[in-house]
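Reviewing the structure listed below.
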């Protein structure tokens, strides 16, 4: 049995590296008593994939994992046993059984959304959103493997939403991930700085979701499960 789960990583663990998060889940699975499957070979490991890497320094509201089990387990039982073994900042929110032909997370996830909570006015955020979406190019220095190489974010900036709160304003940005264009959150931060917003104006940044973009629709990896 293969199962896909949606989970949350709280702000308390935002500096946890991806490998550390993987080990956290492996230890929790061993404590939970769930019948997880192991790989073959001299050094077997849990058949677990966390999908898209959550960048160090960010927490995540809707993250996903794929896990292989040796026998069927009811969804409620799976979530109950695993959540009891996980630390409070990490909690599974929902899950669904995968069928044999369902592709892995790494093959289907091609978009993500990031929320920037700021001290600037909502009017300024609306102006920036209109400016960015109306631009033909949004060139920043790449923060990936080809560091400092000019990179145009505009083809991968899909949509922007702005919400004005009492003491701060929030901008949510949906961007492409993976091939052919992978947009990093720190490249979006560079875009903010180019727009006249300093890092001190950013109260918090987190990844609000991972998606399978099909045309104009943004589906969650669970919604893609047949």
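Within segment 182-226, count every residue that is more than 16 Å from the chain's Cα centre (by Cα) and within 15 Å of residue 52 (Cα to Cα).
0
Quick one: how many residues across segment 42-73 are farther than 21 Å from residue 16 by Cα and in contact with a helix residue (DSSP H, G or I) (Cβ under 9 Å, 6 or more places away or on another chain)?
Residues that pass the stated criteria total 2.
Here are the criteria: (1) closer than 25 Å to residue 15 by Cβ; (2) free of Cβ contacts under 8 Å to residues at least 12 places away in the same chain. Tell me which single one residue 217 does not satisfy.
Unmet condition: (1).
Readers should treat all values here as calculations from the given coordinates under stated rules, not as data from a laboratory. Just so it is clear, the structure is predicted and the values come from calculations on it, not from any experiment. Quick reminder, even Gly has a Cβ in these numbers, built from the backbone with ideal geometry, and neighbours come from all protein chains shown.
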